[in-house]
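The values are calculated or read from the model by the stated rules, or taken from the named source; none is laboratory data. Predicted model, so just to flag it, every value in this text is computed and none were measured. FYI the Cβ positions are ideal-geometry reconstructions off the backbone, even for glycines, and counts take in every protein chain you see. Side chains are part of the model used for accessible areas, which takes the heavy atoms of the whole protein and leaves out ligands, DNA and RNA. Shrake-Rupley method; radii C 1.70, N 1.55, O 1.52, S 1.80 Å.
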Amino acid sequence: MKRNHSNIKKAMKYLDNNNCIGLPTETVYGLAANAYSRKAVSNIFKLKHRPKKNPLIVHYYSLRMLNKDCKTNKNFFKLYKKFCPGPITFILKLKKKSKICNNVTNNKKTLAVRFPFHPIARNLLKNLNYPLAAPSANISTKISAVSKNDVIDEFGKKIKYILDGGRSKIGLESTIVNLIDKPQILRLGGIETAKINQVLKTKLKLKKKNNKIIVPGQSKVHYSPGIPIRLNVLKPRANEAFIMIKKKNINNKNCYYLTKNKNLKEAAKNLYRILRMIKNKKFKYIAVEKIPNKGFGIAINDRLIRASKF
Ligand code: TXA
Ligand code: MG
């Protein structure tokens, strides 16, 4: 252990005792617990008010650890080689002898797995002899957390320990790719679909409906600040917080910039931070400027549409 030696040790102690901790990752913060412990996993569901049928993502340090629990395949290796560790999640088949608790997957035979890039997450995972189940560290359907303070904002004293890893660099959740049969995108996120298509030499689409498993695409309300949101707005009303993506010559205290020059990667990074800021300033209404539906703009629009179904 090099970096953050004492904090990592503290986190390990909490985890060994079946507690949940706040885990910094490059996408968003996770609410992490031992994926091999039924009790630890059930604590995640309780704390997050998450429906038990919504399965969790499990975070691994290495292929060696993953191989104990999951079957891999060609497409997995292609994507792993290119993007891992990083903001991508794979749906794989569970092995029969896997130690993953069945409350992680709601008894399903598939598992969502991810190899986070954040050095603190990696440092922690490297020192544990179990992988970490970790959904985003927010109350179910609310805005994801991108800093230690956001996690406190969501859970207050109910969470015993949070590792501070600064602000999440990507600021949007990982892209989820189902690799069970023909590859499918289940959630847009930190890696653009075009990049995945390049590697798999195919043209994947976002899967809209899934009757068996709840995926984020199914749940109408998600990532929500709990405030009505109007999209594609040219001119905001006086009582609206206005979310913008290019510099305008207006001096209005209600204006919030995701980016000032249409940099969509920067906009994605700032989205949850700004939604939370607006919520905490007690605005009653939000308006959002039109965001181009390309690159990270597609993932941003996906989140905003879901946040607006309040
Ligand atoms: O970036 C991320 O992915 C963050 C960080 C903390 O790693 N985690 C995250 O977890 O976003 P969560 O639980 O908020 O979103 C994961 C989604 C869930 O909505 C769940 O429905 C879907 O992944 N999922 C989990 N297991 C699945 C499975 N076996 N098949 C299909 N979808 C699955
Ligand atoms: Mg989430």
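Note on segment 133-175: residues that are of a type in the set (Val, Ile, Thr), open to solvent by less than 20 Å² (accessible area, probe 1.4 Å) and assigned to a loop (DSSP other than H, G, I, E, B) total 3. Here PRO85 fulfils each of the conditions (1) crowded, with 18+ Cβ neighbours inside 10 Å; (2) in contact (Cβ under 8 Å) with a residue 60 or more places away in the chain; (3) within 12 Å of ligand 1 (Cβ to nearest atom); (4) under 30 Å from SER6 (Cα atoms) apart from (2). On inspection, LEU271 qualifies as touching a Phe, Trp or Tyr at 6+ places or on another chain (Cβ under 9 Å) and open to solvent by less than 30 Å² (accessible area, probe 1.4 Å). Take the conditions crowded, with 24+ Cβ neighbours inside 10 Å, part of a strand (DSSP E or B) and at pLDDT 95 or above and apply them to ALA11. Does it pass? Judged against the criteria, ALA11 is not a match.
Considering segment 222-241, and only residues there that are among the hydrophobic types (A, V, I, L, M, F, W, C), touching a helix residue (DSSP H, G or I) at 6+ places or on another chain (Cβ under 7 Å) and part of a loop (DSSP other than H, G, I, E, B), the residue that is least open to solvent (accessible area, probe 1.4 Å) turns out to be ILE227. Considering the conditions (1) out of contact with any strand residue (DSSP E or B) (no Cβ under 6 Å at 6 or more places or on another chain); (2) more than 23 Å from ASN102 (Cα to Cα); (3) away from ligand 2 (no atom under 13 Å from the Cβ), ASP181 is excluded by exactly one of them, (2). Evaluation of THR27 against the conditions (1) in contact (Cβ under 8 Å) with a residue 12 or more places away in the chain; (2) closer than 18 Å to ILE100 by Cα shows that the sole unmet condition is (2). If we scan segment 31-45, do we find a residue that is at pLDDT below 95 and either more than 16 Å from ligand 1 (Cβ to nearest atom) or open to solvent by 30 Å² or more (accessible area, probe 1.4 Å) (or both)? No - not one qualifying residue is present in segment 31-45. Taken as a whole, the condition of being part of a loop (DSSP other than H, G, I, E, B), among the aromatic types (Phe, Trp, Tyr), within 30 Å of HIS222 (Cα to Cα) and under 16 Å from the mean Cα position of the chain (by Cα) applies to PHE117. Any residue that is in contact (Cβ under 8 Å) with a residue 60 or more places away in the chain and on the phi > 0 side of the Ramachandran plot - is there at least one of those in segment 48-58? Looking through segment 48-58, at least one residue is in contact (Cβ under 8 Å) with a residue 60 or more places away in the chain and on the phi > 0 side of the Ramachandran plot. For segment 274-295, a residue qualifies if it is surrounded by fewer than 17 Cβ atoms within 10 Å (Cβ to Cβ) and among the charged types (D, E, K, R), and the qualifying residues are LYS281, LYS282, LYS284, LYS290, LYS294.
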